[in-house]
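J.: Submitted below is the structure of interest, expressed as structure tokens.
FYI, it's all coordinate maths here, none of it is from the lab. On a predicted model such as this, the values are computed, not experimentally measured, just so you know. Glycine gets a Cβ as well: all are built from the backbone with ideal geometry, and neighbour counts include every protein chain shown.
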Amino acid sequence: MISARHFWRAQLEGYKMERGLALPFDRHRLSDSERLGRALIADFELSEHLTQSFLDYASSHNVTSFQLGLAAFFTFLFKLSNGQQDLCIASVNANRYRPELRDMIGMFVATLPYRIQLDPHATFEELVEQVRDLCLSILEHSHYPLQHIIGNHHSPAFLEIMFDFITVESDVERVDLGDGLLEPVSLQNPMNVIGIMSIEMAGAVYCPLSPQDPSQRLRTLLKETESRLILVHELSRNKFDVDVSTVNIDTMVTVEKMLNDDDVDRLSGVTVMGDSIAYVIFTSGSMGTPKAVSFQHLGLTMVISHWQDFEG
């Protein structure tokens, strides 16, 4: 606790808690009585092409999607506030800073200040690196309670701006898979399990591929399945030289985005019918040519129905 207290004291040293960002507004409020207390949500959605470029940048620069999104948000606020360099906003943190807390059931989420002092002459790449170091430092000291961080400041201005980067299932839906196939690439456990669950929850179809297969075979399988998205990890992300979008799971599944109780409402709203295809596998084929075999969700629904009848 002593180390965390020193960290947060140094992090917010010199920052005026009651000073808000110089954001543009429609008119001056003459008194607090005119404030309605309502929140405004600014939702930024990325196109499929921009999403892929975003994920590729995060992967190549060894940062998480949250860290890259936060760097972009700081850049946006810098421009919106007409060059204000000392920025501080709030964001939620999973607060599972120790390995034994990662699988523990419970509400650990904490709201924490993210302060950064921008150099207007720095490049965006330098800013991304600065934000990454900031996030890692905050993660290490995220267990320190917010009420101790703000002290006697009852209404710190940084709580008025909250940054959240929704990933995993929501990102998959925004890629607009439709009825396309989402294919993870023989990920190591537990990543393989996470990949399969994410695919099925998004209403897509799972098809396992092996990065050890020759490139020609992989191209043939991808062409037959008409896949629109491939789930890869760091070691296999350069394996596919086809014109298909890829998502690097190593940059998406991080400690910062461990599931917590706040994520209940983020589950997929996709309706999957019993006759929908759940997964596709390839057999060797009698003539040596791989043959795709599809399996429906009906098998699982029949098992669940049987269990219900048995319990009843």
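J.: Between residue 197 and residue 133, what FRET efficiency comes out of the Förster formula 1/(1 + (r/R0)^6) with R0 = 22 Å and r the beta carbon distance, rounded to 0.05?
T.: 0.10
J.: Tell me, 193, 92 in order of fewest to most beta-carbon neighbours within 10 Å?
T.: Ascending number of Cβ neighbours within 10 Å: 193, 92.
J.: At a Förster distance of 22 Å, what's the computed FRET efficiency of residue 238 paired with residue 294, Cβ-Cβ distance as r, to 0.05?
T.: Efficiency at R0 = 22 Å is approximately 0.15.
J.: Could you give me the ³J(HN,Hα) list for region 124-136, computed from phi with Karplus coefficients 6.51, -1.76, 1.60 and θ = phi - 60°, whole Hz, x at Gly and Pro?
T.: Values per residue, Gly and Pro as x: 5, 4, 5, 5, 4, 5, 5, 5, 4, 4, 4, 5, 5 Hz.
J.: Taking neighbour counts of Cβ atoms within 10 Å as a proxy for exposure, in what order, fewest first, do 73, 295 appear?
T.: 295, 73
J.: Separate question: With r as the distance between the Cβ atoms of residue 124 and residue 2 and R0 = 25 Å, compute the FRET efficiency 1/(1 + (r/R0)^6) and round to 0.05.
T.: E(calc), rounded to 0.05, equals 0.10.
J.: Run the quick spin-label model on residue 57 and residue 304: label points 7 Å from Cα toward the beta carbon, then report their separation in nm to one decimal.
T.: Each label point lies 7 Å from its Cα, and together they span 4.0 nm.
J.: On to the next question. If amide H atoms are built 1.01 Å from N in the plane of the peptide, which residues on other chains or at least 5 residues away come under 5 Å of the amide H of residue 114?
T.: Placed amide hydrogens put 89, 90, 91 under 5 Å from residue 114.
J.: Taking the beta-carbon count within 10 Å as an exposure proxy, list 280, 131 from fewest neighbours to most.
T.: 280, 131
J.: Separate question: Through the Karplus equation 6.51 cos²θ - 1.76 cosθ + 1.60, θ set to phi - 60°, convert the phi angles of region 208-217 into ³J(HN,Hα) values in whole Hz; use x for Gly and Pro.
T.: Rounded to whole hertz, the list is x, 10, 10, x, 7, 5, x, 4, 5, 5.
J.: For residue 279, which sequence-distant residues (separation of 5 or more, or a different chain) have an amide H within less than 5 Å of its own amide H, given hydrogens modelled in the peptide plane?
T.: 206, 295
J.: Suppose the chain between residue 154 and residue 281 were pulled fully straight at 0.36 nm per residue; how much longer would it get relative to their current alpha carbon spacing?
T.: Between residue 154 and residue 281, full extension yields an extra 39.9 nm.
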